[in-house]
1. Being under 32 Å from the mean Cα position of the chain (by Cα), farther than 30 Å from Leu203 by Cβ and of a type in the set (Gly, Ala, Ser): is that true of Ala431 here?
2. Would a scan of the stretch 245-257 turn up a residue that is of a type outside the set (Lys, Arg), more than 15 Å from ligand 2 (Cβ to nearest atom) and farther than 17 Å from Leu203 by Cβ?
3. Please pick out the residue among Asp102, Asp111 that is of a type in the set (D, E, K, R) and surrounded by 12 or more Cβ atoms within 10 Å (Cβ to Cβ).
4. Using the structure shown, decide if Ser26 is closer than 22 Å to Ala95 by Cβ and surrounded by fewer than 18 Cβ atoms within 10 Å (Cβ to Cβ).
5. Quick check on this structure: which one of Ile57, Ile17, Ile96 is farther than 17 Å from Ile121 by Cα, surrounded by fewer than 20 Cβ atoms within 10 Å (Cβ to Cβ) and in contact with a strand residue (DSSP E or B) (Cβ under 8 Å, 6 or more places away or on another chain)?
6. In this structure, does Arg281 turn out to be within 16 Å of ligand 1 (Cβ to nearest atom), of a type outside the set (Ser, Thr, Tyr) and over 25 Å from Leu190 (Cβ atoms)?
7. I'm trying to understand the selection: among the residues of the stretch 331-366, which are over 32 Å from the mean Cα position of the chain (by Cα) and surrounded by fewer than 18 Cβ atoms within 10 Å (Cβ to Cβ)?
Amino acid sequence: MPERKGTILIVDDEVSIQMLLSKMLSGKEYHCQVAGNAGQALSILAAEPVDLVLLDIKMPGKSGIELLSEIKEQYPNVVVVMATSVTDINTAIDAIRRGAYDYVAKPFNLDIVASSVGRGIEKRRLELKLRDYQQNLEGKVAEQAKEIRSRFLGAMQSMVFALEANDSYTAGHSRRVSEAAMAIGKRLALSDDEMEDLRWGSLLHDIGKIAVSQSIVNKPGKLTDYEYGHIMAHAVVGASIIQPVVRNKRIADIIEHHHAYYDGNGFHQKIKGEDIPLLARIVAVSDAYDAMTSTRSYRAALPRERALAEIRKGIGRQFDPLAGNAFLGMSVAEIVPEKKEILVADDEPSMRLLVKSILSGSYTVIEAADGQEAVEAAMYQQPALILMDILMPRKDGLQACYEIKANLATKEIPVVMLTAVDQELNKKLCAELGADQYLTKPFSPQELLDTVNQFLKSPQ
Ligand SMILES: [Fe+2]
Ligand SMILES: [Fe+2]
């Protein structure tokens, strides 16, 4: 059956006219409905979508003009063509003023009726298309804004990871803080939107440290008040870096207030208690815990129990009771998820460092500098996943991958090939040698994480 060009409602009190128009328009692939009066017409309009109404002006009961006004009020997008006798042109003009699209004169010239209906239907089609386009456009603009936002946040995340990877004491700090913060958020049953902002805010909470002078950070001995203030300004600076592009107050608030004390006695603090945004209070707990349990240049890491005792002691003073108690109520596995081992085989130390800085929060990263080392590490350390560069000295990645996949003891370990050349041939070769996945350099931290998490469910 050919596709219908549209639905037309013929409203006329004369059955012979209904039949005449209906027969002619059905022959032109329109779907036709008929009504003998205003009441019937309105019930059809309410029951099904109609594109065009062919409306007789003179009808017993409610006139065509009255019905026209009602249709235009209730269904402004439906096209109305009036049918009127040649002697009644003034009424037809009045109808056009009231929103009718066109009029056709009785007795009908069927060609004129068909052409008026055709134009009316085309007008309606274009209007619908325009409406769709506008709605689509709004959606596209919103999508693009989201894309720009997440690209910017991703770039900031890379910067934080690179900054932390420079210093073995802080490597992986933001990722671990984020994981613990997310676990607290989950326990407090935050909404999906809040969890998303918590994730970004916690990952980027120390972004302001890019503005902190390294000579002050590395200064041996006690800091002066000025120096301490300079370091603590990283919170406000970080928020001001993020806010102009991301325009998300919740993320900016986490960054700005992550060092705030619940009782208001933190450094240069203006707000306290529940005035400090909840997500910032959560990050304050996970940040302090990670700082305490990591080794720093000036002190060793505190044992877990000691750090937890410190959090307990600080509740109501430094820490929010809600976030603090949620944290203390978590199991060890929730706070410190068991870390799977990932082997990164690459002859470029900078690439190994990059991978390490991205993954070390959630995974333990072990390294191999060439294919031979990779094959041995796969055998003896049994990592959960291998990231393998292709061009390496001694034994290249393709050969190493082949050997790992040919060995019964290592063949189940997923291998992801890393390469700078995005070539179909390379991909094919990798797949034939048993590689499970292929990742092209340069990749974003999120791309690497997504690829890894595909194989090893990320600990949350
Ligand atoms: Fe900080
Ligand atoms: Fe921090």
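1. Criteria met by Ala431.
2. The answer is no; no qualifying residue exists.
3. Asp102
4. no
5. Step by step, each of Ile57, Ile17, Ile96 is checked, and only Ile17 is farther than 17 Å from Ile121 by Cα, surrounded by fewer than 20 Cβ atoms within 10 Å (Cβ to Cβ) and in contact with a strand residue (DSSP E or B) (Cβ under 8 Å, 6 or more places away or on another chain).
6. Spelling it out, it is not the case that Arg281 is within 16 Å of ligand 1 (Cβ to nearest atom), of a type outside the set (Ser, Thr, Tyr) and over 25 Å from Leu190 (Cβ atoms).
7. Glu348, Pro349
To keep it simple, each residue is scored yes or no on (1) more than 17 Å from Lys356 (Cβ to Cβ); (2) in a helix (DSSP H, G or I); (3) in contact with an Asp or Glu (Cβ under 9 Å, 6 or more places away or on another chain).
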site: Met388; (1), (2), (3): no, no, yes
site: Leu391; (1), (2), (3): yes, no, yes
site: Val416; (1), (2), (3): no, no, yes
site: Leu425; (1), (2), (3): yes, yes, no
site: Ala431; (1), (2), (3): yes, yes, no
site: Thr451; (1), (2), (3): no, yes, no
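The values are calculated or read from the model by the stated rules, or taken from the named source; none is laboratory data. Everything numeric here is computed off the predicted structure, so don't read it as measured data. We place every Cβ from the backbone using ideal geometry, glycine too, and count neighbours over all the protein chains shown.
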